[in-house]
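The values are calculated or read from the model by the stated rules, or taken from the named source; none is laboratory data. Being a predicted model, the structure only gives us computed values, none of them experimental. Cβ: placed from backbone, ideal geometry, glycine included. Neighbour counts: every protein chain shown.
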Amino acid sequence: MFHMGWFLSYQVQSWRDAWAGRGSTEWVSPDIYIDMARALERAGFDYLMFEDGCFVPDSYGSSRDYFLRNASAVPKHDPLILLATLARATSHIGLIATMTTTFYPPFIAARLMATLDHLSGGRVGANLVTSHNIRTAQNYGLSEQIEHDQRYAIAGEWVDAVTALWDSWEPGAVQADLESGVFTDPAKVHPVDFAGPHFRTRGPLNIPGGPQGRPVICQAGGSPAGRDFGARYADTILAQVGSVEQMKAFREDISERAAAHGRDPRDVKVLFIASFVIADTDAAAEEIYRRQAAATQANIEANLVAMSYASGKDFAQYDLDAPIPDVRTNAARATTEHHLQLRDGAKTLRDIAEKPVHTVRFTGSPDTVAGQMGEAMQHAGGDGYLVSGPVNRRYIAEIADGLGPALRRRGLIRDKYAQPTLRGNLREF
């Protein structure tokens with residue numbers, strides 16, 4: 001069996017697509033996300049993971065124009081607030097929102113996540129990022145972004161500080177004893193007095209830990225520093241790779257790093273971002289994919305924008321027919337490298353920009369796709385998949401009501417939730 005999640009943003013969704021519905025306005029309200037969470041809970045998904053960013057991009061064409069005109073990564077709401085609403089509307093599915101370790105003070109982060117853990121009954125997690133973009137740094141008062149690997153060193157200290165705050169209330173500290181008149185046993189609540197090179201916090205937290213004690217930690221960095229951080233701290237890691245062999249290599253690398261940190265590698269669940277084209281028949285699905293690939297090839301600009309966003313470098317400045325440029329960045333290094341990977345004989349930037357970014361792809365009828373997923377996971381030895389695709393009700397139904405039952409019939413995903421918490425369900429198998 002393997003785990004399933006969905007990777008998305010709290011932003012404008014499919015506002016110009018044929019099946020967008022009222023996407024140009026509905027993205028603001030929680031309704032479509034509630035419908036989505038309930039559908040995926042019915043399908044047995046482990047979690048929804050919301051990425052985030054705290055800036056208006058202006059890397060492509062050295063301007064904000066493309067991003068604003070096309071609703072590309074902006075506008076974008078804060079997903080942490082959405083989690084409380086989704087928790088109220090669901091009972092089992094996990095809910096993960098992105099939080100930046102570079103700019104969130106540990107006390108605020110620990111209190112926010114502990115509160116959400118209580119509100120959800122132990123079903124939340126934080127996707128920890130170091131905020132790659134220089135505009136984010138400037139929005140938080142810095143003139144330049146901190147060096148890439150140093151951001152991960154800071155993130156490690158941040159997790160230690162937040163964990164100390166979550167642990168500042170012992171289990172059983174809240175007694176609510178009517179006979180003695182004691183609500184909280186003072187002997188079981190402790191100052192933290194955390195002091196490091198980057199963070200200081202006295203503690204204790206002013207609320208007890210939630211049902212999970214420590215909310216689930218998620219991580220998506222693919223650089224060596226990012227992988228090591230995830231292997232040391234994360235409960236679940238998101239990975240973007242282009243083939244089953246790369247899936248296998250990534251899982252093995254994380255297992256080695258986790259063991260080196262004294263952890264059981266099985267406690268670090270690696271989910272691979274995957275794209276899906278599903279239809280009634282394999283032939284129909286292949287035709288849909290052919291049309292999608294043709295549309296991608298025709299929209300080179302959108303791919304250049306994606307590369308500019310990840311790297312912070314303006315890809316509008318490069319000659320499309322020149323050799324692929326050597327781009328070095330202090331931003332999202334692994335994502336940038338993934339975009340620029342030499343693949344399918346690519347020699348020029350145009351060759352790269354005419355093809356969709358490599359993810360593991362599955363195409364066919366629900367049963368065919370379920371079989372493909374099972375074979376790939378058996379070979380790779382990973383822990384599951386993250387759906388990446390348009391957030392509209394048609395695609396949600398294809399995954400939740402088409403693919404989900406096909407996976408269950410093969411015994412590849414759960415048919416019920418065995419544990420009340422997100423961490424419990426992640427560790428169930």
Checklist entry - Which one is nearest to Pro57 (Cα to Cα) among residues in segment 288-336 that are crowded, with 17+ Cβ neighbours inside 10 Å and basic (Lys, Arg)? => result Lys313
Item to check | Residue satisfying condition, being of a type outside the set (A, V, I, L, M), touching a helix residue (DSSP H, G or I) at 6+ places or on another chain (Cβ under 9 Å) and surrounded by 18 or more Cβ atoms within 10 Å (Cβ to Cβ), within set Gly172, Gly226, Gly213 | outcome: Gly226
Checklist entry - Which members of segment 350-371 meet the condition of being more than 25 Å from the chain's Cα centre (by Cα) and modelled with pLDDT under 85? => result Asp351, Glu354
Checklist entry - Can you tell which of Trp6, Trp27 is in contact with a strand residue (DSSP E or B) (Cβ under 8 Å, 6 or more places away or on another chain) and without any contact (Cβ under 8 Å) to a residue 24 or more places away in the chain? => result Trp27
Item to check | So Met99, is it touching a residue at least 24 places away in the same chain (Cβ under 8 Å), touching a Cys at 6+ places or on another chain (Cβ under 9 Å) and buried (at least 22 other Cβ atoms within 10 Å of the Cβ) | outcome: no
Next on the checklist: Looking at segment 118-135, can you tell me whether even one residue there is surrounded by fewer than 22 Cβ atoms within 10 Å (Cβ to Cβ) and closer than 30 Å to Gly312 by Cα?
Outcome noted: yes
Checklist entry - Which strands (runs of 3 or more DSSP E) sit wholly inside segment 167-234 and have at least 3 residues that are touching a Gly at 6+ places or on another chain (Cβ under 8 Å)? => result 216-219
Checklist entry - Of all the residues that make up segment 18-49, how many are of a type in the set (Asp, Glu) and closer than 30 Å to Arg409 by Cβ? => result 3
Item to check | Residue, nearest to the chain's Cα centre (by Cα), within segment 1-24, restricted to residues that are of a type outside the set (Gly, Ala, Ser) and under 13 Å from His77 (Cα atoms) | outcome: Leu8
Checklist entry - Which condition number does Ala43 fail, the rest of (1) within 25 Å of Trp15 (Cα to Cα); (2) modelled with pLDDT of 95 or more; (3) crowded, with 19+ Cβ neighbours inside 10 Å being met? => result (1)
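In the set Asn133, Asn127, which member is at pLDDT below 95 and not aliphatic (A, V, I, L, M)?
Checking each option against the conditions leaves just Asn133.
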Next on the checklist: Checking the structure you have, find out if any residue of segment 104-126 is under 30 Å from Arg16 (Cβ atoms) and either outside the structural domain of Asp46 (by TED's automatic domain parsing) or touching a residue at least 24 places away in the same chain (Cβ under 8 Å) (or both).
Outcome noted: no
Checklist entry - Which condition number does Ile207 fail, the rest of (1) outside the structural domain of Thr236 (by TED's automatic domain parsing); (2) in contact with a His (Cβ under 8 Å, 6 or more places away or on another chain) being met? => result (1)
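Quick check: is even one residue across segment 367-385 among the β-branched types (Val, Ile, Thr), in contact with a strand residue (DSSP E or B) (Cβ under 7 Å, 6 or more places away or on another chain), touching a residue at least 12 places away in the same chain (Cβ under 8 Å) and more than 24 Å from Ile96 (Cα to Cα)?
Restricting attention to segment 367-385, the residues satisfying the condition of being among the β-branched types (Val, Ile, Thr) are 368-369.
Add one more test, that the residue is in contact with a strand residue (DSSP E or B) (Cβ under 7 Å, 6 or more places away or on another chain), and what stays is 369.
Narrowing further to those that are touching a residue at least 12 places away in the same chain (Cβ under 8 Å): 369.
Add one more test, that the residue is more than 24 Å from Ile96 (Cα to Cα), and what stays is 369.
Taking every residue of segment 367-385 in turn, at least one turns out to be among the β-branched types (Val, Ile, Thr), in contact with a strand residue (DSSP E or B) (Cβ under 7 Å, 6 or more places away or on another chain), touching a residue at least 12 places away in the same chain (Cβ under 8 Å) and more than 24 Å from Ile96 (Cα to Cα).
The rows are residues; the columns are (1) over 30 Å from Lys355 (Cβ atoms); (2) not acidic (Asp, Glu).
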| residue | (1), (2) |
| --- | --- |
| Glu170 | yes, no |
| Pro191 | yes, yes |
| Val216 | yes, yes |
| Gly221 | no, yes |
Checklist entry - Pick from Gly53, Gly23: which is crowded, with 17+ Cβ neighbours inside 10 Å, among the small types (Gly, Ala, Ser) and in contact with a Phe, Trp or Tyr (Cβ under 8 Å, 6 or more places away or on another chain)? => result Gly23
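From Val174, Val159, which residue is of a type in the set (Val, Ile, Thr), within 30 Å of Thr90 (Cβ to Cβ), within 19 Å of the chain's Cα centre (by Cα) and modelled with pLDDT of 95 or more? Break it down stepwise before answering.
Numbers: Val174 fails: within 19 Å of the chain's Cα centre (by Cα).
Testing whether each residue is of a type in the set (Val, Ile, Thr), within 30 Å of Thr90 (Cβ to Cβ), within 19 Å of the chain's Cα centre (by Cα) and modelled with pLDDT of 95 or more leaves just Val159.
Give me the helices (runs of 4 or more DSSP H) completely within segment 386-426, filtered to those with at least 1 residues that are of a type in the set (Phe, Trp, Tyr), ordered by residue number. Before you say what the answer is, go through the steps one by one.
Values: elements: 393-397, 404-409, 422-426.
Counting at least 1 such residues, we get 393-397.
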